[in-house]
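Have a look at the structure below before the remarks.
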Amino acid sequence: MKEVIPDSVAVKLALSGSRYVDVAALPWRESAPGVRMKLLYKDDQAKEAMMLVEAAPGSTIPEHVHGGVEWALVLEGTMEDDEGVVSAGNFVYRPAGSKHSVRMPHGAKYIGFFHGSATMTANGQLFPSYDD
């Protein structure tokens with residue numbers, strides 16, 4: 001397993017191998033206008049990533065196709081697409097091959113876990129991206 005820790009100062013390695021992450025100390029990165037994220041975990045070899053996402057009211061994530069499974073637990077607000085609405089305290093998972101865009105009309109905070117990458121329809125960009 002080749003793990004990527006975004007900021008080693010925010011991670012405490014225990015004797016057992018557990019990693020304790022100081023989420024408040026991790027930097028925010030803008031992934032789309034009004035949408036920012038903190039990378040909590042990433043494994044390039046397994047092509048897995050977990051992130052905390054915060055979206056401003058009215059923000060969107062453009063149309064994309066999932067190359068692997070995505071799981072999302074909404075902590076605050078709502079996220080929605082043409083098939084449904086996920087409100088605070090609820091969970092959605094999307095299978096590989098699913099295609100959608102995401103709207104956050106009231107803003108949202110959620111934890112997303114990805115196996116594989118999604119491909120942005122407009123430009124072919126992969127998200128998340130992994131090093132080989």
Below 20 Å, Cα to Cα, which aspartates and glutamates can Lys42 reach? Residues fewer than 8 away in the same chain don't count. Glu3, Asp7, Asp22, Glu30, Glu54, Glu70, Asp131, Asp132
Given contacts defined as C-alpha pairs under 8 Å and at least six residues apart, what's the relative contact order of segment 1-110, whole-number percent? 24 percent
Hey, got a sec? Which GluC sites (Glu not before Pro) in segment 33-124 land in a DSSP loop and have at most 12 other Cβ atoms within 10 Å? Glu83
Report ³J(HN,Hα) in whole Hz for each residue of segment 32-44, in order, from the Karplus equation J = 6.51 cos²θ - 1.76 cosθ + 1.60 where θ = phi - 60°; Gly and Pro get x. 7, x, x, 10, 10, 9, 10, 7, 8, 7, 8, 10, 5
Answer label, with Rg and Dmax of the Cα atoms in Å calculated from the coordinates and candidates (i) 16.7, 56; (ii) 14.8, 46; (iii) 21.2, 63: (ii)
Amide H contacts under 5 Å for Ala46, placed H, 5+ residues apart: Lys2
Toward the positive end of the charge dipole of the chain, about the Cα centre and with charges on Cβ (Lys, Arg +1; Asp, Glu -1), which of Thr121, Trp71, Ala10 goes farthest? Ala10
Expressed in nm², what is the orientationally averaged projection area of the convex hull enclosing the Cα positions of segment 91-132? 4.1 nm²
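We did not get these values from a lab; they are worked out from the coordinates using the rules stated. Computed from a predicted structure; not experimentally measured. Neighbour counts run over all protein chains shown; Cβ positions are idealised from the backbone, glycine included.
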